[in-house]
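The values are calculated or read from the model by the stated rules, or taken from the named source; none is laboratory data. Just so you know, these numbers come straight off a predicted model, no measurement behind them. Here the Cβ positions follow ideal geometry from the backbone for every residue, glycine too, while neighbour counts run over all protein chains shown. Ligands, DNA and RNA are excluded from the accessible area calculation, which covers all protein heavy atoms including side chains. Shrake-Rupley method; radii C 1.70, N 1.55, O 1.52, S 1.80 Å.
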Amino acid sequence: MCLAAADHCADQAGGLTGHGGGDQSSPVDRLSRYGIWAGLWGENIAYGKTTARAIVLTLIIDDGRLGRPHRKNIFNPNFNYAGAA
């Protein structure tokens with residue numbers, strides 16, 4: 001999961017934003033490059049913050065996002081693993 005996240009970070013270093021990769025990859029595509037997975041997945045992305053604490057707080061507060069999807073991902077009890085980059 002960390003490798004998939006790192007791929008997406010490297011891809012976005014040139015200015016891309018969002019969940020789609022520059023190669024048209026989806027989060028599922030990136031996860032599948034590095035292993036076999038089953039069940040649920042989620043992807044949270046934060047921009048502009050420089051510390052882990054600020055990033056997590058931004059995702060938990062999730063201000064301005066209808067339905068607070070980042071917050072729901074973070075607190076979803078069905079997610080058991082995480083990867084970060």
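Just to be sure before I move on: is Leu16 assigned to a loop (DSSP other than H, G, I, E, B), over 19 Å from Pro69 (Cα atoms) and not basic (Lys, Arg) in the structure I sent?
yes
Across region 38-78, what is the total count of residues that are open to solvent by less than 90 Å² (accessible area, probe 1.4 Å), in a loop (DSSP other than H, G, I, E, B) and within 20 Å of Asp7 (Cβ to Cβ)?
Of the residues in region 38-78, 5 are open to solvent by less than 90 Å² (accessible area, probe 1.4 Å), in a loop (DSSP other than H, G, I, E, B) and within 20 Å of Asp7 (Cβ to Cβ).
Determine, yes or no, whether Gly18 is open to solvent by less than 40 Å² (accessible area, probe 1.4 Å) and either over 14 Å from Ala85 (Cα atoms) or touching a residue at least 40 places away in the same chain (Cβ under 8 Å) (or both).
Yes: the conditions hold for Gly18.
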